[in-house]
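Mind looking over this structure? Questions follow.
Quick note: the coordinates plus some simple rules give every number you see, no bench work behind them. Treat the numbers as computed from the prediction; the structure is a model and nothing was measured. With ideal geometry, Cβ positions are generated from the backbone for all residues, glycine too; neighbour counts draw on all protein chains shown.
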């Protein structure tokens, strides 16, 4: 069994927004799971930020909660949607295939930015 990975900042913040909305509506994870047609464990992993919430999941959860996707995005005290930066500014490039018989299932390799030329 794989170890749960740490969810990125934005996904964790969205999970917190979902939990807050569920609490305001006095909705349990079992209630949300029933509305989504998924297991309670699936909902638990998503709303506890143990798994990243992808856009399709976010859309389904918003529909089940009868809100828009934007309503699930974290906001500051003034009501503005928060901005998030990537964790690093490295450029990504897909890894080359080493075995042409089987497509690569790995993530793109991180390539550092080139250094400035020195005279």
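When ranked by the protection proxy of mean other Cβ atoms within 10 Å per residue, highest first, what sequence do the peptides 67-73, 15-21, 39-45 form?
Those peptides, ordered most packed to least, come out 15-21, 39-45, 67-73.
Another question, then. Tell me, in nm to one decimal, what length is gained between residue 81 and residue 12 on full extension, where the rule is 0.36 nm per residue of separation less the Cα-Cα distance?
23.4 nm
For a Förster distance of 25 Å, can you work out the FRET efficiency between the beta-carbons of residue 70 and residue 26, rounded to the nearest 0.05?
Values: r = 23 Å, r/R0 = 0.92.
FRET efficiency, residue 70 to residue 26: 0.65.
Report, in cubic angstrom per residue, the convex hull volume of the C-alpha atoms of the range 9-70.
In the range 9-70, the Cα convex hull volume per residue is 71 Å³.
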